Structures are given as C-alpha cells and as structure tokens.
Amino acid sequence: MIKINKLSKRYGDGQDALTNINFEIGKGEMSFVTGHSGAGKSTLLKLILAIEKPSGGDLIVNGLNLNKLSRREIPYHRRKIGTVFQDHQLLTDRTVFENVLLPLEISGFPVEDAKRRVRAALDKVGLLKKEKIFPAALSGGEQQRVGIARAVVNRPSIILADEPTGNLDPNLSAEVMKVFEQFKNVGVSLLVASHDTSLIKTLNYRVIHLDHGRMVNDIGISNE
Amino acid sequence: MAEWLMISELAMNKVKAANRQNQASHRGNDVSALQIHRKIALDSAKRLILSPLSSLMTIVVIAVSLLLPALLFGLNENLQSILLEFQNSARITLFLDNSVSESQGQKVSDDLLTDNTIQSAIYVSATKALEEFSLSSGLGEVLRSLSSNPLPAAVIITPATLNTREVNALSQRLETISEVDFIQLDSQWINRLSALSDLISIVGQLLAAIVITGLFFIIGNTIKLSIENRRQEIQVIKLVGGTDIYIARPFLYTGLLFGILGGSVAVFLQLIILIMLNGSLQELIQLYSSNFELRGFGFFNSLSLVITGALVGWLGAFLASFRYIRGVNP
C-alpha cells in the first residue's frame, strides 16, 4: 500500500529532514515509526499525505506515485487515508458528531448511512455519549479519540497516526491500539509514529527507527 | 470487536444498496445534494447574522453602489416617458405675415390639410390668439388697453410623422410658403431632452461598469477576510480531503446572500427616494397642469437589480474564494 524508495526531503532552508528512506508497508500490515523529535517522523507522514512534496526518490501510495500527483488529485488521495494528528486538528465550532461526520460529508456520503457510521466510530472510541459536546469541553485524551474516530469513519485503506497515544493513559493507549489492530485485521495498512517505546515493546510489531532523517533500524517482525 | 465489524459490514451493505438505488434513479442523489446545499446556505446565513454590524455595512455598501447607476437608469426611464408624451404633440407653428387677411390665412390652413405628411392644421386668427392669450395669462386688462393687437395670426400644424428628419424637411417646405413670416418648431426642446437622455444613459452605463468593478473588490475583500478567519477550519478540511470547491461553497453562498440583500436594500431605498421626490414634486407638476408622476423601478427592473446584485455577489465571491483558498495549506 505504501512503497518508499530512496525517498528524501530537503526543506527550503537546506535542512535535510529525510535521507534515503526505503521501506514498504503491505495490505493489512501495521508498522511503527520511532525516533526522537526532529528525526523525520512528521515529515514522513506529511509526504505520504501530500502536504509536502518529496525532494527525491519515489513514494507510491495506493498505487499512486505522489511525485506525479496533481493539485486536483490531492483531496481524493487524502480521502483514502485516515489520519490521526498529534494536535487533533478538530473544528472547535462543530460538535464531536459533526467533527467525525466531516470526512463523510466531504465525500458526499448518503446522510442516513453517514450518521450510522459516525455513531459506530464514536461507539468504538467510547465517546457515543459525548456526540453533542464541543471539542473544547473534552479532555486531551477524549479529543485524541475523536480524532481517531474521524480517521476511521471513512473506512480508509491506510491509517496514519502521529503520536496517537500521546495524551492517553496506558489503559486508553492499549484500547486505541486494539482499535488499530482491528483495522489491521480487515486489511487496513497502518503507519504509527510514536515514541512510546514501552507500548511498542508490548505489541511486537515492525518498528522503523529514524535518526536525523535516516533509517537506522528496521526491525521487521511480523506476528503473523 | 466481531460485533462492531458485523455492524459496519451491515452498514456497508446498506450503503451499497443505497448507491445502487441512486444509480437507478437520479432523484435520490438530487434530493441529498439539495439538502446539502440548503444546509450550507443556512450556515452562511447564520454566519451573516453572527456578525450583524459588518454584514450590514457590506450590504449597505453594495446597496448604495447598485442604487447610484440604477437611479440614473430610472431617471432616464422617466425622461423617456416625458418624451413619449410630448412627441405625440410635436407641433410646428406657422406665424403668418401681418398683411395676410383672415380668409387668406384660413385658405393657407385648408391647403396644408391636403399634404399627407400633415395630420392636422388649425388656423388661429390674430384676434383669437389675443383672446386665448389674455385668458391663459391673466393679463386681459393690460392687453385690452393696447391700441392694436401685437399677436400675429398662426397655423398650428401637427405632423403625421414623429421622425425628426421628416419633420425638419416638412418645416423647411413650410418656410417657403409666401404668407408665412416665420415658423417655430416645438420639437426642438424635445430633441435637446432626447440628447440629454442619451447622455444620462451613457453616464449610467459607465457608472454601472465602475460600480460593478468596485463591488467585485469589496465583496472579494469581505470574502478574503472571512477565509482568513476560518483559516484553521479550511486547513482541517483540506487535511481530510476536502476539495477547493467544497471549501468554497459556503463562501459562494455568502457572496450570493450579500448580493441579494444588497440588491433588495437598493430597491427599498429607491422606494423611499421615490416617495420623497414625488411629494416635493407634486407642487411643481401641478403648475404645469400635468398628470406626470415619477415612476419607480417597477417589478421587472427591481427584480433585475436584485439579480444583478446576486450575480455580482456570487461572481465576486467565486473569484476571491478560489484565489485565497488555494493559498491556505495545511
């Protein structure tokens, strides 16, 4: 689903954010990307989301070479990817329900089915009772879970997550990981950026370690 | 977990079924598209109400801008109706030489009636002219004290045509009649008024072009500000796959609403101006013993003013939103 070949990213100021990255994530595969802050995790996610353009190498997502992606194609590319953002990226003037509804609304989903899907997604992250509340009234952990519900509501083929457990206590973190595993089991590819090493250790998945924009380790363990 | 997957599976099947139905009949799709548009339009209206003062300012600016050229066009329509009224009574007056006797004068008048470019010819003797003048001017006493009649006899002619060139040709022919001292063309002031009306029309069109250009900038700037205010929201929508068109839609409705409301306020202002003017004009009009009355824009002109506002609002928003939304990136 994600094929990365000799990928590099240099920002306008000459700083190399990523250098010579090579890996591949198949259908139904879950991988972690770790590394200290500034190692290039966020840049990698931005490149996959087509927020930034690669400086070199190939990045193929869902069979689409992102080097050849036109401006018009970007929204449709993003719709196939569910993203959990570190800073949640929720709309403060919309309720929890409306926030989760957003991806379905954008793709013109039939209203009744959309509502059903939103409730299913909110139920999964344990926030069904808070659907009418505005994000500002929620705790950081709850906001994070709204972000997760929004990322999965569109049934994307790829889920990206940037520090999805950053604000969560260990119990909730484990819950979130369980949700991710469920998606993995139905064929969704997941790439999770995290520095929560203790959590990663308990899960026994492939871990790609970045350091100063280079891949220093790719522990390709698959538990299948 | 299994249960949840089952539920989602069920939902998926329903979605597929619904899609199939939609493909079978387009009506299902149209209804939901209509619902979405109604929702966005309502949202845009709510946003206008949420910042009433700045919305009102924009609406009034649009209204006044639209009103200025519209008033010129309205003035012109009134002028045209005056012209039409008087063109029907365009007259040529032949003042006869003093040496011409009453019977000779009558004969000149009768002869002219055989000319088929002349609709009517009425002979007014010098005596009759004096009578009429003393009645209408109220200077009867003064006139009676005069030793001789200062007024010449005249033949009043209504041409059968309203065409300026033909009327001019006719008057040139009439001037050559030996009994005629001089002639006066009553249509000259109509020609002047007609030229003035043309000028007003051109000025109105120029003003309309300038004003509409200005409105594009005003509406564009308003839309730009509201895009700036909703920058974070636009970024989020872009992150989850919203197209520029999807993002632009509420702003297009905002522009459309501004235009419609601006146009409506312009029509309303026009009515107020009309009532005020007609009140103060009444006295002046009575002096001319005319039943002339300033006319307003009427239904179709009012409607086209509102539609112009709507088009300008929408197009202004369209140009601005695509330009500025493109610049907002996550």
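The values are calculated or read from the model by the stated rules, or taken from the named source; none is laboratory data. Because the structure is predicted, anything quoted here is derived from the model rather than measured. FYI the Cβ positions are ideal-geometry reconstructions off the backbone, even for glycines, and counts take in every protein chain you see.
Mind listing just one residue for me: the one in segment A:116-129 that is closer than 11 Å to A:V96 by Cα and in contact with a Leu (Cβ under 7 Å, 6 or more places away or on another chain) and, of those, surrounded by the most Cβ atoms within 10 Å (Cβ to Cβ)? If you could, list the steps in order and put the result at the bottom.
Residues of segment A:116-129 that are closer than 11 Å to A:V96 by Cα, as a first pass: A:118-119, A:122, A:127-129.
Narrowing the set further to residues that are in contact with a Leu (Cβ under 7 Å, 6 or more places away or on another chain) leaves A:118-119, A:122, A:128.
On the way: A:V118: 26, A:R119: 18, A:L122: 23, A:L128: 16.
My answer is A:V118.
Are any of the residues in segment B:273-295 among the charged types (D, E, K, R), in a helix (DSSP H, G or I) and within 14 Å of another protein chain (Cβ to nearest Cβ)? Step through it out loud before you land on a result.
If we filter segment B:273-295 for residues that are among the charged types (D, E, K, R), which is where we start, we get B:283, B:293, B:295.
From what is left, the residues that are in a helix (DSSP H, G or I) are B:283.
Pick out the ones that are also within 14 Å of another protein chain (Cβ to nearest Cβ) and you get none.
For segment B:273-295, residues among the charged types (D, E, K, R), in a helix (DSSP H, G or I) and within 14 Å of another protein chain (Cβ to nearest Cβ): absent.
Being buried (at least 17 other Cβ atoms within 10 Å of the Cβ), among the β-branched types (V, I, T) and closer than 30 Å to B:I212 by Cα is true for just one of B:V100, B:V61, B:V124. Which residue is that?
On the way: B:V100 fails: closer than 30 Å to B:I212 by Cα; B:V124 fails: closer than 30 Å to B:I212 by Cα.
After applying the criteria, what remains is B:V61.
Name the residues in segment B:296-317 that are crowded, with 19+ Cβ neighbours inside 10 Å, among the aromatic types (F, W, Y) and assigned to a helix (DSSP H, G or I), would you?
B:W314
Looking at this structure, is B:I190 farther than 14 Å from B:T93 by Cβ, β-branched (V, I, T), at pLDDT below 85 and part of a helix (DSSP H, G or I)? Spell out how you get there, then give the answer.
Working: farther than 14 Å from B:T93 by Cβ: yes; β-branched (V, I, T): yes; at pLDDT below 85: yes; part of a helix (DSSP H, G or I): yes.
So B:I190 fits the description; yes.
Do you know which of the residues in segment B:152-177 that are free of Cβ contacts under 8 Å to residues at least 40 places away in the same chain and not in a helix (DSSP H, G or I) is surrounded by the most Cβ atoms within 10 Å (Cβ to Cβ)?
Among them, the one singled out is B:N163.
Just one of B:S134, B:S103, B:S120, B:S109 is without any contact (Cβ under 8 Å) to a residue 60 or more places away in the chain and outside any helix (DSSP H, G or I); which is it? Can you show your working first?
Values: B:S134 fails: outside any helix (DSSP H, G or I); B:S103 fails: outside any helix (DSSP H, G or I); B:S109 fails: outside any helix (DSSP H, G or I).
The match here is B:S120.
So which residues in segment A:79-111 are free of Cβ contacts under 8 Å to residues at least 40 places away in the same chain, within 8 Å of chain B (Cβ to nearest Cβ) and over 25 Å from A:N62 (Cβ atoms), if there are any at all?
A:V111
Would you be able to say whether some residue in segment A:84-98 is touching a Lys or Arg at 6+ places or on another chain (Cβ under 9 Å) and under 26 Å from A:S8 (Cβ atoms)?
Within segment A:84-98, one or more residues are touching a Lys or Arg at 6+ places or on another chain (Cβ under 9 Å) and under 26 Å from A:S8 (Cβ atoms).
Taking A:R145 as meeting all but one of (1) more than 13 Å from every other protein chain (Cβ to nearest Cβ); (2) without any contact (Cβ under 8 Å) to a residue 12 or more places away in the chain; (3) touching a Leu at 6+ places or on another chain (Cβ under 7 Å), write down the number of the exception.
For A:R145, the failing item is (2).
Check A:L44, A:L18, A:L59 and return the single one that is in a strand (DSSP E or B), at pLDDT 90 or above, crowded, with 19+ Cβ neighbours inside 10 Å and more than 14 Å from chain B (Cβ to nearest Cβ).
None of the other options fit; the residue is A:L59.
Just checking, how many residues over segment A:21-41 are buried (at least 22 other Cβ atoms within 10 Å of the Cβ) and among the charged types (D, E, K, R)?
1
Filter segment A:39-76 down to the residues that are free of Cβ contacts under 8 Å to residues at least 60 places away in the same chain and closer than 23 Å to A:E105 by Cβ and list them by number.
Answer for segment A:39-76, where residues must be free of Cβ contacts under 8 Å to residues at least 60 places away in the same chain and closer than 23 Å to A:E105 by Cβ: A:A50, A:I51, A:R71, A:R72, A:E73, A:I74, A:P75, A:Y76.
Would you mind stating whether B:L143 is part of a helix (DSSP H, G or I), under 40 Å from the mean Cα position of the chain (by Cα) and among the hydrophobic types (A, V, I, L, M, F, W, C)? Break it down stepwise before answering.
Values: part of a helix (DSSP H, G or I): yes; under 40 Å from the mean Cα position of the chain (by Cα): no; among the hydrophobic types (A, V, I, L, M, F, W, C): yes.
No, not satisfied.
A:R116 fails exactly one of the following numbered conditions: (1) more than 14 Å from chain B (Cβ to nearest Cβ); (2) over 30 Å from A:Q15 (Cα atoms); (3) among the basic types (K, R). What is the number of that condition?
Only one criterion is unmet by A:R116, namely (1).
I'm trying to understand the selection: among the residues of segment A:11-36, which are without any contact (Cβ under 8 Å) to a residue 24 or more places away in the chain and either more than 23 Å from A:V188 (Cβ to Cβ) or among the hydroxyl-bearing types (S, T, Y) (or both)? Talk me through it step by step, then tell me what you get.
Residues of segment A:11-36 that are without any contact (Cβ under 8 Å) to a residue 24 or more places away in the chain, as a first pass: A:11-15, A:24.
Of everything in segment A:11-36, those that are without any contact (Cβ under 8 Å) to a residue 24 or more places away in the chain and either more than 23 Å from A:V188 (Cβ to Cβ) or among the hydroxyl-bearing types (S, T, Y) (or both) turn out to be A:Y11, A:G12, A:D13, A:G14, A:Q15.
How many residues, within segment B:209-246, are part of a helix (DSSP H, G or I) and facing chain A (nearest Cβ under 9 Å)? It would help to see each step written out before you state the result.
Of the residues in segment B:209-246, the ones part of a helix (DSSP H, G or I) are B:209-229, B:231-239, B:244-246.
Applying the additional criterion that residues be facing chain A (nearest Cβ under 9 Å) yields B:232-233, B:235-239, B:244, B:246.
Number satisfying all stated conditions: 9.
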